[in-house]
Amino acid sequence: MSKEIIYNPEIRVRLMAGINQVARAVAVTYGRVGSTVMIQHRTDGIMPVFTRDGVTVANAVLIQDRIADLGGRMLRDVAGAMSRQVGDGTTTAIVLAQVLAQGCLKSVAAGFHPMQLKKGLDVALAVVEKNLLERAVTGVTSDWVEKIALVASKNETKAGKLLAQAFDELGLQRELTFLLGNGLADELAIVDGVQYGQGYLSPYFITDKTRAEAVLENPYILFYDREINDLMELVPILEQVKAQGRPLLVVAEDVVDKALTGLLLNHIRGIFKVVAVKPPGFGDQRINRLKDLALLTGGQAILDGHGLSLRLEHVGLEQLGQAQRAVITESSTTIIGAVGDPAAIAQLSETLRQEAGLILAKKPGAGSATGNKHDFDELQDRLALLSGKTGTFSVGGNTDFEMKERMVRLENAYLSAKAALEEGVLPGGGVALYHCREAIEKAIAENVGQQQGFRILQQALAAPLLTLIQNAGLNNEAVLNQLDTLGDDHITLDTENHRYGNFLEIGIIDPVKVMRLALRNAVSVVGTLITSETVVMEVPDLSLMAGYSPEWAAATREDPRV
């Protein structure tokens, strides 16, 4: 396939066009008073999606000009990174990235060297991050969590209260799972459960394509410490599980070759419902984790040379664990409502605590310091696994479209509140970033190019606040003059009610981690943009698409080429 090579300055102009298109579509959703964006469904006759979530809007914008779409993709990547890291701040990151890109490209056109601009941005970024962390208000209370969730969820009071309750009961270490509810009201259920960082072995196990999850209701669970490479070994237990009308979760060292192919084919065809994952931990840790999971779920771990050593074809239902629900994503497995013996779990937990106490009681120099730490951390991890709880948040609404849109926002609100508990909070509404401009003025640059990078970041720090003011229909100069006159770093603006006040009292709160990562991701993508001089792209062979209309195919669900 032939290649097309595009050089500067053409690529920067076209990339900037794509950035502006995506940013303009996303910026209108910013803040409590932000507008809703309607996204047409790709299939004709299906209701469009209405959303105020920045990453959803960004991902929906595809530009015909392929170079411009690369620019748009940069912002989509920024929004996606924010969504994965902290759940909130997607629109903030996009607004910052757009203004930074505009300032940098103008400076490059004026003769400033891209590498010096990038270095100036990086130095100024470090100054701003340090300033944010120094000014952060820590010791976040449940009342603050509720207000943070209120901001991130676009002013949903009842949902904010439920999220605050979830944090009170689960804390930071335990997970909250979101799913579509069955009614109008939101519901929060806290159940015993455990989560660990291993996902499904193949994306073909997915049962919920929208959320990229494999969900098993009331599953049996097999724990096995060896590879499975022959499907026939699993057939006896699969037949027993199917006779009970229930799914199976296979937790094994690995499932490979024909065994995995056979499981996937039968799963996709609906012959039986099964998902395969790896167990947590490594080496001897993995054996202990398998035993712990088996104990939690009331089953037995099938181990080679470690107590119960059976061939797979001889395993019966009595050796399998059970749970109310299992949710498996690309990177994690969550087992909810395990049915293990509480007394046995409590006894093992007490034994592990005593072992941890013996390690802590060792005198300095007794044994390897790193070995002691490793053993202690291992015991703590096992205790967290055995004592884990999991929450389930059922999102309500009038229609599936409304519930899906709300679920995205509430997940973001949960992650945002979690970020606040980690690094503290500052005034929301873009005011905290606006006040960081003073810190940059005290920084010293090595040369004119870096100084220009300082100025560009300094100007960008006001962009989130100015966007919120614009969305609220207020006057920029009046608001900025009022904030400067008040001279209090804790005073911010409630754009919904047009009032000023202490950010903790009026509930306009932003987590420091969200602001910090939004700025860092924006600087990172713009640094890549300005240091790119050439784009090499494949020229598509349009003859392959002759006679094909994607619009017609989406409307009729047929391929006109057949």
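See the values below:
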read-out: Exposure proxy order (Cβ contacts within 10 Å, fewest to most) of Met82, Met407, Met537; value: Met537, Met407, Met82
read-out: Answer label, with volume of the Cα convex hull per residue in Å³ calculated from the coordinates and candidates [x] 169; [y] 207; [z] 181; value: [y]
read-out: Pair Gln40, Lys158: separation of 7 Å Cα→Cβ label points (nm); value: 3.5
read-out: Ala343/Asp254 FRET efficiency (R0 56 Å; Cβ-Cβ; nearest 0.05); value: 0.95
read-out: C-alpha long axis of helix 257-269 to longest principal axis of the chain, angle in °; value: 80
read-out: The chain: antiparallel DSSP beta bridges as a percent of all, rounded to 5; value: 65
read-out: Cα gyration tensor shape of segment 1-119, rounded if a/c is under 1.5, else prolate or oblate by comparing a/b with b/c; value: oblate
read-out: Helix 463-472 axis, angle to the chain major axis (alpha carbon atoms, nearest 10°); value: 90
read-out: Structure-based [θ]222 nm, the chain - -39500 (n - 2.57) summed over DSSP H runs of at least 4, per residue, nearest 500; value: -16000 deg cm²/dmol
read-out: Rounded to the nearest 20 debye, dipole of the chain from Cβ charges on Lys, Arg, Asp, Glu; value: 720
read-out: Efficiency of FRET from Cβ geometry, Thr534 and Lys442, R₀ 35 Å, rounded to 0.05; value: 0.40
read-out: Residues Phe50, Phe503 arranged by fewest to most Cβ contacts within 10 Å; value: Phe50, Phe503
read-out: Spin-label pair Glu313/Ile6, simplified geometry with 7 Å Cα→Cβ offset, distance in nm; value: 6.1
read-out: Degrees, to the nearest 10: 66-85 long Cα axis against longest axis of the chain; value: 60
read-out: DSSP-defined antiparallel bridges as percent of all bridges, segment 187-394, nearest 5; value: 65
read-out: Gain upon complete extension [Gln470, Asp484; 0.36 nm per residue less C-alpha separation]; value: 3.2 nm
read-out: Overall form of segment 420-475 per C-alpha gyration tensor (a/c, 1.5; a/b vs b/c); value: oblate
read-out: Charge-dipole axis of the chain as Lys and Arg at +1 and Asp and Glu at -1 on Cβ define it, positive-most pick from Leu457, Pro540, Ile237; value: Leu457
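No value in this document is a laboratory result; all are computed from the given coordinates. Predicted, not measured: the structure shown is a model, and the values here were computed from it. Note that we place each Cβ from the backbone using ideal geometry, even for glycine, and neighbour counts take in every protein chain shown.
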